[in-house]
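*Asks:* Take a look at the following structure, please.
Here, each number is a calculation from the coordinates, and none is a lab measurement. All of these numbers come straight from a predicted model, not from anything done at the bench. All Cβ positions, even for glycine, are placed from backbone atoms using ideal geometry, and neighbour counts span all protein chains on display.
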Amino acid sequence: MVDFIVGKYNYWIYIVLMMIGFYAMIGKKNLIKKIIGMNIFQTAIILFYVSIGCKKGATLPILGHAHGHAGQAIQTSAYINPLPHVLMLTAIVVMVATLGVALAIGIMIYLKYNTLEEDEILKAVK
Amino acid sequence: MKILNLIVVVITGAILIYGTMDMPGWGDPDSPASLHVSPRYITKTMEETATPNMVTSVLADYRAYDTLGETTVIFTAGMACILLLRKRRNGHG
Amino acid sequence: MIPAFDLVILIFVVICAIAAITVKDLLSAVMILGAYSFFMCLMWAEMGAVDVAFTEASVSAGIGTVLLIAAVYRTTRRSKD
């Protein structure tokens, strides 16, 4: 039971973070708050993927004595899985790109309707 | 309305927590994610790319087309921002 | 990976996330989101993903915060919820 909780508790906290971002996206009326919620959601998903790559007792995915021991076999279990890190580097950059486009659309909405609140915008559209 | 949002969020979170029950524990060296593709990258990166940093060798050598696509995404986002925020000449459009 | 250190940073991250979406002033929310990004960066450095931590510290906590501050400066600081 204790092993189960120690192995799983951080997944549960990531889900709590994701749900905080999701609530901000669907529940808050302010557009900037919605964008902040989207940022929190994306960061929580990236955190989940990075945590999949963890291994107990392994070190960073950088070969320390690579040039000295050229012929020596490399232990797979001695290094953290580098694949999630690579994919999440791409995801972080895409995250900032979506943030920029979302903020540009938010600024244009403010210039047209002079408010950032969703209900006032919907009232002005009708 | 606030209550409805909270109910949706709690149900989604409960389904996701139910989904973690079958996942391998945190830091398990025998998890499926660290057995299948990544040993190839870890063991062969020095002799194939001569880069000690595995993340860099996978990012810029094995999966360089992925990085090229990422650059396209950033370019498209920058163009979208410029087109949205440019000065309008005659008030509309 | 150190579980105790990990748990402490995770609690800070959750507190920052809740504060960022509950505070009324938008500039404060953006600042708390910057702190959230730096805690997240610390978390990834602790998990061994140093490249991801560098990218997060420069791109998300730097450029993302600057973009959000620019947007808040061009629109308004007030928010109803």
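*Asks:* Among A:Val96, A:Phe41, A:Asn30, pick out the residue whose Cα is farthest towards the positive end of the charge dipole of chain A, where Lys and Arg carry +1 and Asp and Glu carry -1 on C-beta, about the Cα centre.
*Replies:* Going by the Cα projections, it comes out as A:Asn30.
*Asks:* Sticking with this structure for a sec: Compute the angle between helix C:26-46 and the longest alpha-carbon principal axis of chain C, please, reported from 0 to 90 degrees and rounded to the nearest 10.
*Replies:* 10 degrees
*Asks:* So what is the calculated 222 nm ellipticity per residue for chain A, using -39500 (n - 2.57) for each DSSP H run with n of 4 or more, over all residues, to the nearest 500 deg cm²/dmol?
*Replies:* Roughly -24000 deg cm²/dmol at 222 nm, from the helical runs in chain A.
*Asks:* Can I ask one more? Could you give the alpha-carbon Rg of chain B over 2.2 N^0.38 Å, rounded to two decimals?
*Replies:* Working: Rg = 22.8 Å, N = 93, 2.2 N^0.38 = 12.3 Å.
With N residues counted in chain B, Rg over 2.2 N^0.38 Å equals 1.86.
*Asks:* On C-alpha positions alone, give me the angle between the axis of helix A:2-27 and the longest principal axis of chain A, in degrees, nearest 10.
*Replies:* 20 degrees
*Asks:* Assign one of three labels to segment B:37-86, namely rounded, prolate or oblate, based on the Cα gyration tensor with a ≥ b ≥ c the square roots of its eigenvalues; rounded applies when a/c is under 1.5, prolate when it is not and a/b is larger than b/c, and oblate otherwise.
*Replies:* Prolate.
*Asks:* How large is the Rg to Rh ratio of chain C when both quantities use alpha carbon positions and Rh follows Kirkwood?
*Replies:* On the Cα set of chain C, Rg over Rh gives 1.04.
*Asks:* Any idea what diffusion coefficient the protein assembly as shown gets from Stokes-Einstein, in µm²/s, Kirkwood Rh on alpha carbon pairs, 10 °C, 1.306 mPa s?
*Replies:* 76 µm²/s
*Asks:* At q = 0.10, 0.14 Å⁻¹, what log₁₀ I(q)/I(0) does a Debye calculation on the Cα points of chain A give, no solvent, two decimals?
*Replies:* -0.52, -0.79
*Asks:* Treating the angle as unsigned and between 0 and 90°, give the value, to the nearest 10°, between the Cα long axis of helix C:65-74 and the longest Cα principal axis of chain C.
*Replies:* The two axes meet at around 10 degrees.
*Asks:* For chain C, what is the mean residue ellipticity at 222 nm derived from helices alone (per DSSP H run of n ≥ 4: -39500 (n - 2.57); sum divided by total residues; nearest 500 deg cm²/dmol)? Walk me through the intermediate numbers first.
*Replies:* Working: 4 runs with 57 residues, N = 81.
That comes out to -23000 deg cm²/dmol.
*Asks:* Right, here's the next one. Please compute, for peptide B:7-18, the average count of beta-carbon atoms on other protein chains lying within 10 Å of each residue's beta-carbon.
*Replies:* The mean count of partner-chain Cβ atoms within 10 Å per residue comes to 4.
*Asks:* Sticking with this structure for a sec: How high is the FRET efficiency between C:Lys80 and B:Ile82 when r is their beta carbon distance and R₀ equals 25 Å, given to the nearest 0.05?
*Replies:* 0.20
*Asks:* Quantify how strongly other chains surround peptide C:50-59 by giving the mean number of their Cβ atoms within 10 Å of each of its Cβ atoms.
*Replies:* Taking all residues of C:50-59 together, the mean is 6.
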